[in-house]
1. Just the Cα atoms of the range A:133-224, one point each, no solvent: what log10 I(q)/I(0) does Debye give at q = 0.11, 0.17, 0.26 Å⁻¹?
2. Can you give the convex hull volume of the alpha carbon atoms of the range A:195-295 per residue, in Å³?
3. Too long at a 30 Å Cα-Cα cut-off: which of A:104/B:263; A:254/A:334; A:229/B:164; A:254/B:263; A:10/A:254; A:104/B:104?
4. Seen from all sides and averaged, what is the projected area of the convex hull of the Cα atoms in the range B:7-81, in nm²?
5. Need the per-residue list for the range A:155-179: every residue with at least 40 Å² less accessible surface in the complex of protein chains than in the chain by itself, probe 1.4 Å, sorted by number.
6. Find which of B:82, B:327, B:204 sits farthest along the positive direction of the dipole of chain B, computed with +1 on the beta-carbon of Lys and Arg, -1 on that of Asp and Glu, about the Cα centre.
7. Given a 1.4 angstrom probe, what's the average accessible area per residue across chain A, in square angstrom?
8. Ordering B:326, B:279 by accessible area with a probe of 1.4 Å, largest first, what comes out?
Protein chains: 2
Amino acid sequence: MRDNLTERSKQILEAIIEDYIVTAEPVGSRTVTRRHGLSLSPATVRNVMADLEEMGFLASPHTSAGRVPTDKAYRLYVDSLLGVRKVAREEREEIRKHCSLTGKDIGEVLHETSRMLSSVSHYMGIVVAPHFAANVLRHLEFVKLGGRRILVILVSQSGSVQNKIVETADDFSSNDLVRMSNYLNELLAGLTIAQVRNRLLEEMENAKTRYDALLSKALQLSQQSLPDKDSEVFIEGQSNILELPEFADVGRMKEIFRAFEEKGQLVGLLDQCLGAQGINIFIGAESRLSQMAGLSVITSTYMTGRNTLGVLGVIGPTRMGYAKVIPIVDYTAKMVSRLLEME
Amino acid sequence: MRDNLTERSKQILEAIIEDYIVTAEPVGSRTVTRRHGLSLSPATVRNVMADLEEMGFLASPHTSAGRVPTDKAYRLYVDSLLGVRKVAREEREEIRKHCSLTGKDIGEVLHETSRMLSSVSHYMGIVVAPHFAANVLRHLEFVKLGGRRILVILVSQSGSVQNKIVETADDFSSNDLVRMSNYLNELLAGLTIAQVRNRLLEEMENAKTRYDALLSKALQLSQQSLPDKDSEVFIEGQSNILELPEFADVGRMKEIFRAFEEKGQLVGLLDQCLGAQGINIFIGAESRLSQMAGLSVITSTYMTGRNTLGVLGVIGPTRMGYAKVIPIVDYTAKMVSRLLEME
DNA sequence: ATTAGCACTCGGAAATGATGAGTGCTAATA
DNA sequence: TATTAGCACTCATCATTTCCGAGTGCTAAT
């Protein structure tokens, strides 16, 4: 079987995909000729469609329905059929409008970005916060809470803040804490969290630091307080997909909502995107996650300088409006990158 | 119409409610006699049921179905029919298990609490984080990010941390920032955030501080960085309510999910509970929110000392297992209160 | 190579009917 | 007088049937 599609079959396939994207109904041969200015008879189109089905680009839900694009068809569509389009002006403005840092914390900014993505795309917005461990430590601080509880605050280069409550055996004074944090800030400045972890271990082994019991304690303490959280994920606009006819049945719905409540697997998927810079698209089953059947993900990485910080994107049905959403995701990633630029 | 129910009608009403809570199906006269050891004939029960309907405790979906409790019935049920019950041992253990502070930040703790509430109750767990403004400031810190951006970190007495990025006109050195934060920490220690706000205004008016330009700037800066966020809400277990038959239809689902995506109104409802200490119950339409039709909320405040910190609870269908959930919410609130006790 | 024509398929909507849980009322009963 | 047995009636639910038409594949004509 030659996988070489003629120009005409490509046109027809494209017509079917685009029709299906808006209607969500199986597309018949007649509709193709009617709604798209092809000067061909339905019968001819039928022949072509039969070929396309055999090649795996189309599927028929049953004998006498029209045809529906397969994942393979969407893949072809985004890879070669779809030209590069620009972001529409109003969309660009809506995205820009949301881009401001001042008066918020990083978490909020990303959360809002996710909400914005969902509202612009009408699907679900998703943003994965910078993986803290890959970040450079900027500042560390101990604050004494009541009792033996100490609050440890870590600030990363990109301005995100993590804090942790640690219970200690010793009762440190505020002064102790100041001394400890000064010492550690000096010791650890400019290292990534991952490096910090190693550095602490080294230093603890190293006998020469033992001369000061307090500093030795400091090492222990900071060791405990390194973040072990998995990256934060913001998913917004889940109710948008309730509107989609393909998820109208309750069983399917349940599955999806369960999947998104358990964010772990999703993170796994998105972490893959961290490696590949730029736009990344998973269509339906391509993601190897059964819960993602019928869903596509469009992501892009955002970064400062040449440090990849995180991933953001849109999740929608496989029949999502790729032509519109891809540029949106791309543009948003660029804007967020610029926003987080800390020189 | 005497609203005085006889002992017998109360028993029957209770039987109907409890049956409906587990089955979610209209309850017929026959079922009442069968499943609950009442030595009465269905016919008698029917008469009583007719009375109860007239009094507004029951409703019939249609002529030949059984009857369904109204909000009024549930209200009577929780207020007078329902005895005080203890938390089951396994539940108590599951709640305890989740109660640990160390190695987490306050946000995480509350988030997990919400998740725990949902998993123990099988409905939705909800936790409103302490309203920062009502909290006492413990510590304030400025961290220089790139450019003219400064990260302001506020720590409250209860150990919760807020941070904010502020863009400044002046380019402060790290030393400046240390000096500024020392000054402010001294000035503001022990005040609630609300008081801090006032104090800053006073101080800024006050000419005597003007002798030091830097400190004057510090006041401005900290003023900008006071939190204006509305309180954070953690809602977990939304997929639990997908299991409930009464929400099986897609339209109803959509409404609910939309409502919870827009957390604002919910916060309004929960803020009312902040005033009344202890358990608080809204049944169905009582909350005056149309989106809450068919849903009940059980909340309790949590606090340290005699400072109310926030609200937590469970949202479920009006036919929720009150007998089980009320003690759970009560117990959880107590545990969280104890957990956050910072002496 | 394209198209008109036609028999055929099959899901979905509407119509029909049987089932049975549940009711309200009346008259008999304790 | 309160309770109950009996009975006719109601009405949602479910299964069955019927009908319709969009859409197909094939064949023969263009």
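The values are calculated or read from the model by the stated rules, or taken from the named source; none is laboratory data. Here the structure is a predicted model, which means the values were calculated and not measured. When we count neighbours, we look across all protein chains shown, and the Cβ atoms used for this are built from the backbone with ideal geometry, even at glycine. Heads up: the accessible areas ignore ligands, DNA and RNA and are worked out on the full protein's heavy atoms, side chains in. Shrake-Rupley method; radii C 1.70, N 1.55, O 1.52, S 1.80 Å.
1. Summing over Cα pairs of the range A:133-224 leads to -0.28, -0.69, -1.47.
2. 146 Å³
3. A:254/A:334; A:10/A:254
4. Directional mean of the projected Cα hull area for the range B:7-81 stands at 4.5 nm².
5. A:161, A:163, A:165
6. Of the listed residues, the answer is B:82.
7. 45 Å²
8. B:279, B:326
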